[in-house]
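No value in this document is a laboratory result; all are computed from the given coordinates. Nothing here was measured: the structure is a model prediction, and the numbers come from that model. When we count neighbours, we look across all protein chains shown, and the Cβ atoms used for this are built from the backbone with ideal geometry, even at glycine.
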Amino acid sequence: MRISIIGTGMIATEVISMLRTEGKGIEITSLFSHSDKDKAQSLAKANRIAHVYTDYTQLLKEDDADFVYIALVNSAHYDYVRQALEADRNVIVEKPFTTSLSQAEELASLARSRNLYLFEAVSLLHTPNFKLVKDSLTRIAPIHLVQCNFSQYSSRFERYLQGDIAPAFNPKLGGGAMNDLNVYNINTVIGLFGEPLTTTYYANRGHNGIDTSGTMVLSYPTLTATCTAAKDSSSPSFTIIQGEKGWIRIPTTANEFGSVEIMEGGKLTSYQRNAYESRLTHEFMDFKDVWEKKDYKRMEEWLDTSLAVVKAIEAK
């Protein structure tokens, strides 16, 4: 599978490094940056990427990659994905999928109408540890409570307080604790239990209205989930699922899903089934597998999860 990387930020750099070391069968064909050609050229040279583009339209016309991987500021996702789909390109887009439900639904409809693959890169959903948890829910059922916390004091928060607003704290660019961190918690809950009946978001907002931290409550017929995330404070990160017959705990950040503990019948068992060093490898191997097998139904299931997450966040 051949991929063109759109972006040169932290996550794009992490993906490039992962693909070089663990991305067996995936080749990077080109690298795009709309604003920093020197950085792109340096990154391309260091990672033996043959082509660098600063014109997205030109890349879509010339590059013969099977997928474009879009790792840009959140507010740019919709436009870059739409242009790629209209050029009949398969797309992998970083989370959050889009910043509005109408945008998400339009892109999903466009991909389906053209029989194109559209994946959202949400690492946790593709880990063996997540699949273990999903398969183990019946062991502790019926389940009544879920608690998720993903809190990291941002290195940019002090600058934000002083008026230096990075994209992660800019509401116009789709920043905030929900889109940056809590989206992983929401994906955990919806990935395990499906679309909620209602969602309510209790946010702490900064001087420009951005949510610097907050808790979303997702309600189900017999289950309540609370999803907390913070960029203005820190806490141990975890997910705990409580059932009448036991509990399941993931004692890591939701984006890693690094290990699993299951308490059942008074016995605690720990598991670690993730197979790669990078938290990102499983998702790209899944995308490659689905594309090579032409398993469009599986892609559509993931796309439905993406739509449900955007809907839940927008309903806040």
Around L101, what is the net charge, scoring Lys/Arg as +1 and Asp/Glu as -1 over all other residues with Cβ under 10 Å from its Cβ?
-2
Relative packing of 97-108, 258-269, which averages over residues the other C-beta atoms within 10 Å, highest first:
97-108, 258-269
Alpha carbon centre of segment 247-262 versus segment 105-132: separation in Å?
22 Å
With each label point set 7 Å from Cα along the Cα-Cβ vector, what nm distance links D38 and I11?
2.7 nm
Here the gain from full extension of S155 to W247, 0.36 nm per residue of separation minus their alpha-carbon distance, amounts to 29.8 nm
Degrees between helix 296-314 axis and first principal axis of the chain (Cα, 0 to 90, nearest 10)
70 degrees
Calculated [θ] (222 nm, deg cm²/dmol) that DSSP helices of n ≥ 4 give over the chain, each run adding -39,500 (n - 2.57)
-11000 deg cm²/dmol
For a quick check of your reading of the filter: which trypsin sites (Lys or Arg not before Pro) in segment 200-263 sit in a DSSP loop and have no more than 16 other Cβ atoms within 10 Å?
K245
How big is the Rg/Rh ratio for segment 2-121, C-alpha atoms only, Rh by Kirkwood, two decimals?
0.95
Compute the length gained on full extension between S235 and A166: take 0.36 nm times their separation in residues and subtract their Cα-Cα distance, giving the result in nm to one decimal.
22.6 nm
With label points set 7 Å from each Cα along the Cα-to-Cβ direction at L145 and A315, the distance between them in nm comes to 2.3 nm
For segment 139-198, take the convex hull of the Cα atoms, compute a quarter of its surface area, and give me that in nm², please.
5.8 nm²
What per residue convex hull volume, in Å³, comes out for segment 96-242 when only alpha-carbon positions are used?
132 Å³
Correct choice for volume of the Cα convex hull per residue in Å³ that was computed from the model, options (i) 147; (ii) 139; (iii) 128:
(iii)
Give me the net charge of P142's neighbourhood, meaning all other residues with Cβ under 9 Å from the Cβ of P142; Lys, Arg count +1, Asp, Glu -1.
0
Fewest Cβ neighbours within 10 Å first, please rank D289, D180, D55 accordingly.
D55, D289, D180
How far apart, in nanometres, would the label points at E27 and Y271 be if each is projected 7 angstrom from Cα along the Cα-to-Cβ direction?
3.7 nm
